[in-house]
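Worksheet: the structure to be examined is printed underneath.
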Amino acid sequence: MGNSHVFERTSCFTLAVMLLFGWAAFAGEAPVYAGQPSGEYLRDWLVCGPFPAGASRPDAPTTGHLAGFETDYLAGTGGEAGAQPSPGDVVDFDGGSATWTAYESPTDEVSLDDAVSTALEVLAYAYCEIKSDEARPCVMAVGTNDGCRIWLNGRRVSDYPAARGLKLDQDLIPVVLQKGVNRLLFKVEERGNAWGLACRFLPVDAELVKGRVRFFEVVTRVDGTPVFRFRHGAEAARAFVERAALEAVSVFYPEKVLWAKKWNGKAEQVIGVDASRYGEYILRMHAAYKGGIEEAMAYHFTAGERIEYALFEDGASDYVIAIDKGASESERWAANELQHWLQEVGGAELPILELEKQAPEKAIIVGYNKHTARLFDKKAAAPADGDESFTYKNAGPTIAIWGGRDRGSMYGVMSFLEREMGVRWYTPSVTVTPKKERYRFTVLDHSEAAGIRVRNDFYHEAFEPIWAARNRVNGAMNYREQPGGVEGYWRVHTFYPFMPPEEFYDKNPEYYSLIDGERIHERAQLCLTNPHVLDIITERLLKVMREHPEYLIYSVSQNDWRNPCQCEECQAIAEREGTEAGPVVWFVNQVAERVEKEFPDKFVGTLAYQYTRKPPKTIKPRHNVVIRLCSIECCFAHDFKSCPENAEFLDDLQNWAKIAPHLYIWDYVVNFSHYIMPYPNFRVLQSNVQSFRDNHAIGIMEQAAYQSRGGEFAELRAYVLAKLLWDPECNVEEVINDFMYGYYGRSGQFVRQYFDLLHNQLTPDTHIHLGLKPEDILFSDEFVRQAEMIFDRAEGVADSEAIRQRVEMARLPIMYLKCKRQPIAAKRDGTYARFCEIVEREGVTYYAERGAEHRLEFHAEMDGIE
């Protein structure tokens with residue numbers, strides 16, 4: 001007999017008789033288990049049944065108890081809560097009776113088919129008693145087939161209202177055993193197949209408690225109030241838990257704590273978030289249990305009444321787009337964008353309404369104004385005009401999108417269209433919009449802020465102002481008209497544009513570099529310690545700033561070659577500072593100090609480039625000076641942090657960050673010697689942008705193929721860079737895949753396959769720079785052959801001729817590489833002829849930064865092959 005040692009009420013003689021003739025025939029009491037919690041399964045029970053349970057509900061056959069489960073068949077003998085049966089007790093019910101009978105299970109799983117009946121849609125009771133020498137918390141481990149309800153000492157401790165198969169320990173229930181005898185009653189229903197139960201009591205330990213036993217839960221009441229609740233009653237709560245700390249956050253802003261309290265020690269505690277509006281939240285709990293066990297948990301919950309609103313459905317909408325009378329130009333443009341793309345997606349044209357009084361309830365309000373403030377926070381200050389951060393959220397059916405007047409509200413609209421509608425502005429000429437029959441929402445609450453203040457995506461494709469505005473590119477090398485404006489950086493290499501040698505050298509050679517004892521101007525710099533040079537540069541810079549106030553940063557920077565001045569005064573600074581950047585920063589600081597009086601909100605920028613890349617020892621840039629650090633010498637196969645070739649640059653970056661209040665990075669993402677050739681640098685883009693951000697860069701320019709279309713993966717790289725510059729933490733793989741399948745359609749799977757083939761050519765020992773050559777060990781004729789096969793498949797599944805032509809542009813680098821590596825084969829098999837056809841069709845005029853010269857040389861070589 002299982003667990004024979006637990007029958008404390010039974011004498012040895014009686015036990016022997018029971019073993020000989022069967023326990024049920026002679027025992028006069030229910031089975032009693034002592035020494036609990038022992039961890040042993042309870043095999044001996046009093047069982048009673050079957051009782052009719054009725055059919056399950058036809059609308060939910062596997063959830064909810066059977067129709068007759070709520071009938072208390074023990075009502076005539078003390079009721080379920082007061083049950084304390086003995087063997088032989090009879091229970092009468094309408095239509096029959098059942099007797100309490102002893103049953104000994106041969107296994108840990110107690111089969112009610114064997115103990116009671118094999119009938120369907122019935123229920124049965126099982127009863128035993130647990131004796132404890134002291135009051136103690138423990139865990140009752142239960143499994144049933146099917147639904148069940150359990151009482152311990154008359155208190156309901158568990159209720160599982162659904163069909164399921166029996167598994168040992170599938171429910172872990174914290175309970176408190178009283179000192180003395182504890183009454184345990186199971187009520188189990190049968191829906192079909194096997195029928196049974198399993199139960200044991202376990203001592204409390206850390207392994208059991210942490211993550212396995214669910215002590216707490218969060219429930220939302222009918223009125224929308226969220227409640228933190230101990231699942232097993234106040235008595236168990238006090239027995240198990242010493243203390244708990246609680247804090248609630250929005251699922252949208254998990255970093256901002258909305259409510260924080262200590263657990264009140266009761267079975268329920270109201271969570272103090274706003275329940276007047278529907279919201280989604282996370283409750284974080286850190287609990288300390290008896291015995292020194294600690295646990296951290298998070299619970300997702302909602303508050304407020306959940307109402308679903310339809311922005312549009314079946315091509316119709318009763319919403320309007322609302323703007324304030326004082327809306328900025330970019331906010332008005334964004335409202336028109338919203339109207340256009342919502343119609344593209346959902347087929348409904350929302351009218352644009354200029355608000356006078358109260359905004360209608362069913363409105364999308366664009367921009368921060370009195371209507372927005374009234375809905376959300378009347379006391380909040382309006383965002384600054386230049387604040388690019390944004391929020392979109394709803395108050396009931398009303399949606400508001402707002403940020404700074406210049407670009408913040410506009411970017412919020414673009415984000416809403418991207419995230420909620422699925423609109424993608426892949427290139428200036430290719431936008432993809434899904435078609436939706438309806439768009440419904442319950443809660444909207446999303447905010448973003450720029451990861452990099454000035455974002456200059458220096459691709460030819462990215463210069464198109466509408467594409468740039470939609471993709472949150474706000475930086476420009478020169479000013480351009482763009483919705484919301486741009487943060488322009490006025491020129492670079494400006495020493496000679498400010499002081500042309502043809503104007504000054506003949507009369508004042510002392511203004512220019514002293515090189516090997518002679519003042520020269522050809523491929524030279526300025527003498528920065530000459531006071532007249534400071535006066536002239538300052539005067540001419542002020543003239544530029546007055547005539548072109550639209551720029552953020554104005555450059556005073558070295559020419560694009562070497563030969564710094566070797567005069568005694570200049571070299572004294574350079575030697576003291578340990579770098580030629582010393583005289584440059586010393587000089588630019590003085591210029592910046594002079595122009596600040598008239599232009600306190602502008603910056604003066606200078607280069608940390610090649611011979612000036614190393615930062616000075618003691619001279620620090622002024623607060624209105626921007627250091628423009630250039631990565632031109634770096635390896636771009638590996639990121640700055642992992643490649644030995646980049647260690648010196650990373651050191652310079654970090655040291656500039658220590659002394660410069662503002663860094664503006666001039667980074668490189670293209671092979672200047674061969675724009676079109678394959679250039680596998682995508683895997684370093686995110687890490688490098690993050691390195692710049694972490695070292696206080698206020699701006700990044702990613703210099704690429706900027707003179708014409710046709711750079712290798714130019715469309716993809718421009719798109720990825722726009723996303724990265726806005727959010728350096730974005731999921732780059734998701735962005736790439738989104739582009740691959742959105743821009744190339746079915747062909748995207750094969751373009752991605754080629755993309756991976758290319759990048760997998762890299763090894764830790766394979767370094768690429770800005771002059772990568774066709775004969776580099778990175779490439780091979782076999783690589784070209786494999787790439788051609790992949791692109792053949794990509795073209796073969798193209799959804800349309802337009803997409804096939806996009807695939808051809810992605811293939812162009814392989815054609816170019818084949819022409820350079822295998823010119824005879826490329827000429828004979830038609831690769832070169834096809835290359836020429838594509839570049840003419842697409843308007844590709846720059847194969848390298850040198851432009852026409854390089855292009856003509858390439859074609860002369862190919863045309864000369866017989």
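The values are calculated or read from the model by the stated rules, or taken from the named source; none is laboratory data. Everything numeric in this text was worked out from a predicted model, so none of it was measured. Methodologically, a virtual Cβ is constructed for each residue, glycine included, from the backbone with ideal geometry; neighbour enumeration extends over all protein chains shown. All accessible areas refer to the heavy atoms of the entire protein, side chains included, with ligands and DNA or RNA removed. Shrake-Rupley method; radii C 1.70, N 1.55, O 1.52, S 1.80 Å.
Backbone geometry of segment 548-563 corresponds, through the Karplus equation with coefficients 6.51, -1.76 and 1.60 at θ = phi - 60°, to 3J(HN,Hα) couplings of 10, x, 6, 8, 8, 10, 10, 9, 10, 8, 4, 5, 7, 7, 9, 6 Hz, x marking Gly and Pro. For segment 92-185, the per residue solvent-accessible surface stands at 39 Å², with DNA, RNA and ligands left out and a 1.4 Å probe. Report summary: the helix-based calculation at 222 nm, which adds -39500 (n - 2.57) for every DSSP H run with n ≥ 4 and divides by the residues of the chain, gives -9000 deg cm²/dmol. Solvent-accessible area per residue in segment 425-475 equals 35 Å², computed with a 1.4 angstrom probe and all protein chains kept. Phi angles across segment 135-148 convert, under the Karplus curve 6.51 cos²θ - 1.76 cosθ + 1.60 with θ = phi - 60°, into 3J(HN,Hα) values of 5, 8, x, 7, 10, 8, 9, 10, x, 9, 9, 10, x, 8 Hz, Gly and Pro given as x.
Round to a whole angstrom and tell me the spacing of the C-alpha centers of segment 723-797 and segment 634-659. Here the answer is 25 Å between Cα centres. For segment 338-457, the carbon plus sulfur part of the accessible surface works out to 44%, probe radius 1.4 Å. How many percent of the accessible area of segment 691-824 is carbon or sulfur, using a 1.4 Å probe? Carbon with sulfur: 47 percent of the solvent-accessible area.
Inter-part distance, segment 220-243 to segment 354-426, computed on C-alpha centroids, equals 39 Å.
Please compute the per residue accessible area over segment 227-299 with all protein chains in place, 1.4 Å probe, rounded to a whole number of Å².
Dividing the accessible area of segment 227-299 by its residue count gives 50 Å².
Take the solvent-accessible surface of the protein heavy atoms, probe 1.4 Å, and return the percent of it on segment 148-246 that carbon and sulfur atoms account for.
Percent of accessible area from carbon and sulfur atoms in segment 148-246: 45.
Counting only protein heavy atoms and using a 1.4 Å probe, the accessible area of Y664 comes to about 0 Å². Distant-in-sequence amide contacts of N474, defined by a placed amide H-H separation under 5 Å and a gap of 5 or more residues or a different chain, comprise R455. Between amide H atoms placed 1.01 Å from N, distances below 5 Å from S557 occur with H493, T494, F495, all of them 5 or more places distant or on a separate chain.
For semi-axes √(5λ) of the Cα gyration tensor in Å, the value computed from the atomic coordinates appears in the list (i) 59, 28, 25; (ii) 74, 32, 30; (iii) 46, 35, 23 under label (ii).
Segment 845-866 and segment 515-536 have their alpha-carbon centroids 39 Å apart. Using the Karplus relation 6.51 cos²θ - 1.76 cosθ + 1.60 with θ = phi - 60°, the per-residue 3J(HN,Hα) values for segment 358-365 come to 6, 6, x, 5, 8, 9, 10, 8 Hz, with x marking Gly and Pro. When only Cα pairs below 8 angstrom with a gap of at least 6 residues are kept, segment 443-489 shows a relative contact order of 31 percent. Taking amide H positions as modeled 1.01 Å from N, with prolines and chain starts lacking one, the residues under 5 Å from W259 and 5 or more places away or on another chain are A248. In whole angstrom, segment 596-659 maps to an equivalent ellipsoid with semi-axes of 27, 12, 9, each derived as √(5λ) from the alpha carbon gyration tensor and ordered largest first. Packing, as the average of other Cβ atoms within 10 Å across residues, places the peptides 706-717, 639-650, 125-136 in the order 706-717, 125-136, 639-650, highest first.
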